[in-house]
Amino acid sequence: TPRVFSGIQPSGNLTLGNYLGAIKRFVEMQNSGIETLYCMVDLHAITVWRKPEDLRRATREVAAGFIASGLDPAKSILFNQSQVPEHAQLAWIFNCVARMGWLNRMTQFKDKAGKNRENASVGLFAYPNLMAADILIYHATHVPVGEDQKQHLELTRDIATKFNNDFGVDFFPITEPVIEGAATRVMSLRDGSKKMSKSDPSDMSRINMTDDADAIAKKIRKAKTDPDALPSEAAGLADRPEARNLVNIYAALSEQSVDAVLAEVGGKAFSEFKPMLADLAVAKLSPIAAEMARLMEDTAEIDRILGEGATRAQAIAAPILEQTYDIVGMVRSR
Ligand code: AQP
């Protein structure tokens, strides 16, 4: 039976990239009736130094963003990773399954560690093993993510395959990434070759889910573009990364194909298209931002939801960890 797992790091403000690439898809999968688990991956967030109060706030804010976007704690299991210790326990096993060479090839580690690899945390290097554990501790079959997570999901499949082979079992499923839609890789508004990211030092590079209408309009107005009018077919966007990004965002927000959008806006100048995009983004994001602000007034209620989700998640994870330990040869006497 299909089971969906995905997570988001509480590592700053949620962006339009997180919304279109991940959260919006999470809601669709929930509403299709599949069993869904969605996690604030706080253990992942500390692979880079964070102030404790920032981490706590961001965890609750991601939860508020999930719920405000349409995730329903009665339908989806919503929880934060550290409240289900089985994630970290399985990650240790996977630290012993995955090879150094596999992790050395991870581009996200190279990007995030930068030139100063010697000073990166061991956790940042081992991050993909914990991510594999997040998924496989539930025997999840499908993982909705943005394009940037593709390599980590391939590693998850490699870990499951090696574990199954090493122990001669057919235990962990080979998970399918679900990377679909017009906005699987939303790019920075300042640089069409970089992905939009929570941690970009420039706030003008991204639209935050909590930005107000003025901020959204200003960021889109100032977004980098080229001087040409919009093409009338998708092929005309091939060498125009900034133009393609804005059209993709429009398509994803309006739930149309890129071709349908270009049939409508082809021939228009950016001076005409940008206000259309800003109006659309404000119409879609403002109600979510308002609901997030309302939810954040009662953090005790958010914490209650996360606690209840953790209890439900653990009920699935604990027996899978026990079976894993048994397969590996750990003595279980209680
Ligand atoms: N720009 C993006 N376009 C499409 N999808 C995106 N995602 C992130 N950025 C984009 C998807 O959001 C989910 C959660 O990502 P994450 O929080 O675990 O970490 P990340 O991918 O590293 O996201 P950020 O925003 O860039 O965070 P920081 O700056 O903290 O590293 C994933 O499904 C991701 O694909």
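Quick note: the coordinates plus some simple rules give every number you see, no bench work behind them. These numbers come from a predicted model, not from an experiment. Using ideal geometry, Cβ is built from the backbone for each residue, glycine included, and neighbour counts are taken over all protein chains shown.
Overview of results
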{"item": "Relative contact order (%) - the range 153-275, alpha-carbon pairs under 8 angstrom, separation at least six", "result": "23 percent"}
{"item": "Tilt relative to the chain, helix 86-95 - C-alpha long axis, 0 to 90 degrees, to 10", "result": "80 degrees"}
{"item": "With Cα atoms, 0 to 90° folded angle of helix 299-328 axis to the chain main axis", "result": "50 degrees"}
{"item": "Using alpha-carbon coordinates, inclination of helix 270-296 to the longest axis of the chain, degrees", "result": "40 degrees"}
{"item": "The chain, relative contact order in percent, only Cα pairs under 8 angstrom and at least six apart counted", "result": "24 percent"}
{"item": "Estimated vicinal HN-Hα couplings, Hz - the range 55-72 in sequence order (Karplus 6.51, -1.76, 1.60; Gly, Pro = x)", "result": "5, 4, 5, 5, 4, 5, 5, 5, 4, 4, x, 4, 5, 5, 7, x, 6, 10"}
{"item": "Highest average packing first - 4-13, 223-232, Cβ atoms within 10 Å", "result": "4-13, 223-232"}
{"item": "The range 23-83 versus the range 288-334: alpha-carbon centroid distance in Å", "result": "11 Å"}
{"item": "Average silhouette area of the range 227-279, convex hull of alpha-carbon atoms, in square nanometres", "result": "3.1 nm²"}
{"item": "Dimensionless Rg ratio for the range 162-232, taking C-alpha atoms and the 2.2 N^0.38 Å reference", "result": "1.79"}
{"item": "Lysines whose Cα lies under 21 Å from that of K75, excluding same-chain neighbours fewer than 8 positions away", "result": "K24"}
{"item": "Percent antiparallel among DSSP beta bridges (both partners in the chain, rounded to 5)", "result": "10 percent"}
{"item": "Estimated FRET transfer efficiency when R0 is 25 angstrom, pair E53-E255 (beta carbons, to 0.05)", "result": "0.10"}
{"item": "Total formal charge among the other residues, if their Cβ is under 11 angstrom from that of R57, Lys/Arg +1 and Asp/Glu -1", "result": "+1"}
{"item": "For the range 203-294: lysine pairs under 14 Å (alpha-carbon distance), excluding those fewer than 8 apart on one chain", "result": "4"}
{"item": "GNM flexibility winner over the chain from D42, D148, D170 (Cα, springs under 10 Å)", "result": "D170"}
{"item": "Proximal lysines to K162, defined as alpha-carbon separation beneath 20 angstrom and excluding residues fewer than eight positions away on the same chain", "result": "K150"}
{"item": "Per residue Cα convex hull volume in Å³ - calculated over the chain", "result": "147 Å³"}
{"item": "Proximal aspartates and glutamates to K194, defined as alpha-carbon separation beneath 13 angstrom and excluding residues fewer than eight positions away on the same chain", "result": "D111, E147, D148, E242"}
{"item": "Listed peptides 315-327, 128-140, 276-288, 20-32 by packing density, highest first (mean Cβ within 10 Å)", "result": "128-140, 20-32, 276-288, 315-327"}
{"item": "Estimated translational D of the range 203-294 in µm²/s (Stokes, Kirkwood radius over Cα pairs; 4 °C; 1.567 mPa s)", "result": "96 µm²/s"}
